[in-house]
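Below you'll find the structure, written out as structure tokens, and then a few comments.
The values are calculated or read from the model by the stated rules, or taken from the named source; none is laboratory data. Owing to the predicted nature of the structure, the values given are computational and were not obtained by experimental measurement. Ideal geometry is used to build each Cβ from the backbone, glycine not excepted, and the neighbour counts take in all protein chains shown.
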């Protein structure tokens, strides 16, 4: 009974902490909307009721890359270096293009660590918005470390790499989320596994999600529910458990 009370209190503390972080994120989003409203108001005050014309050609720079990519899935630019674009492929290879010219050497190649069958693979990549202070690349991928079939149980990882000073490559993987692997038989409804640092991927569908980062450096991580449509099992409901990482949007501050 004492253990039951202790577990209940621990869960309540976690729910309270999640609530605090949720309020913090909502406040940040509201501040962003408020700033946008002030910008719009200043434009109206400055130009009065006259017509305001924005020349889109000065805001959009089109770059065409005809490089024969296999499965490009995400792109990003190095902040302050608008000529340097990274192109992330589902297979686990990240390319660098400078002024629209694809470089011969990959920016990063972790294809030997990535499972890319079905909805799996390197799903998202992003450069730190505070790049001068934190010269990092963040990647989200499905790890092939578990010795199971390509469509068997796998685990997800959110990792960080450092970008070299010459901005030509990324190196030195640091795992932020997903340091542990699930059992080869899967996670199922085993709550003792949910509390560990593991992203359970029992199915090859709905794996991982996307990465986004605010100007202040908060990183948001979307994770799939790892369920196979159209025949969803009872395990789909584990997404309602706060301990289970799947089917959530996480935040690293």
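Taken over the range 166-178, the residue count meeting the criterion of being assigned to a loop (DSSP other than H, G, I, E, B) and either under 16 Å from the mean Cα position of the chain (by Cα) or in contact (Cβ under 8 Å) with a residue 24 or more places away in the chain (or both) is 4.
Does residue 112 qualify as being at pLDDT below 80 and surrounded by fewer than 22 Cβ atoms within 10 Å (Cβ to Cβ)? No; evaluated as a whole, the condition is false for this residue. Whether a residue is surrounded by 15 or more Cβ atoms within 10 Å (Cβ to Cβ), farther than 27 Å from residue 205 by Cβ and either at pLDDT 90 or above or in contact with a strand residue (DSSP E or B) (Cβ under 8 Å, 6 or more places away or on another chain) (or both) was assessed, and residue 171 does not pass this test.
From 154, 105, grab the single residue that is modelled with pLDDT of 90 or more and at negative phi. Walk me through how you get there before you give the answer.
Numbers: 154 fails: modelled with pLDDT of 90 or more.
After applying the criteria, what remains is 105.
Inside the range 143-165, can you point out the residues that are in contact (Cβ under 8 Å) with a residue 40 or more places away in the chain and surrounded by 17 or more Cβ atoms within 10 Å (Cβ to Cβ)? Please lay out each step first, then the result.
Step one: of the range 143-165, the residues in contact (Cβ under 8 Å) with a residue 40 or more places away in the chain are 150-151, 153-158, 161, 163.
The answer is 153, 154, 155, 156, 157, 158, 161, 163.
With respect to the conditions (1) surrounded by fewer than 17 Cβ atoms within 10 Å (Cβ to Cβ); (2) touching a residue at least 24 places away in the same chain (Cβ under 8 Å); (3) farther than 25 Å from residue 227 by Cβ, residue 98 lacks only one, and its number is (2). The requirement of being in the same structural domain as residue 160 (by TED's automatic domain parsing), without any contact (Cβ under 8 Å) to a residue 24 or more places away in the chain and in contact with a strand residue (DSSP E or B) (Cβ under 6 Å, 6 or more places away or on another chain) is satisfied by residue 87.
If we keep just the residues of the range 123-151 that are assigned to a loop (DSSP other than H, G, I, E, B) and touching a strand residue (DSSP E or B) at 6+ places or on another chain (Cβ under 8 Å), which is modelled with the lowest pLDDT? It comes out as 148.
Which residue out of 103, 140 is surrounded by fewer than 18 Cβ atoms within 10 Å (Cβ to Cβ), out of contact with any helix residue (DSSP H, G or I) (no Cβ under 8 Å at 6 or more places or on another chain) and touching a residue at least 60 places away in the same chain (Cβ under 8 Å)? Steps first, please.
On the way: 140 fails: surrounded by fewer than 18 Cβ atoms within 10 Å (Cβ to Cβ).
Going through 103, 140 in turn, the sole match is 103.
Scan the range 174-196 and give yes if some residue there is modelled with pLDDT of 80 or more and under 30 Å from residue 83 (Cβ atoms), otherwise no. Yes: the range 174-196 contains one or more residues that are modelled with pLDDT of 80 or more and under 30 Å from residue 83 (Cβ atoms).
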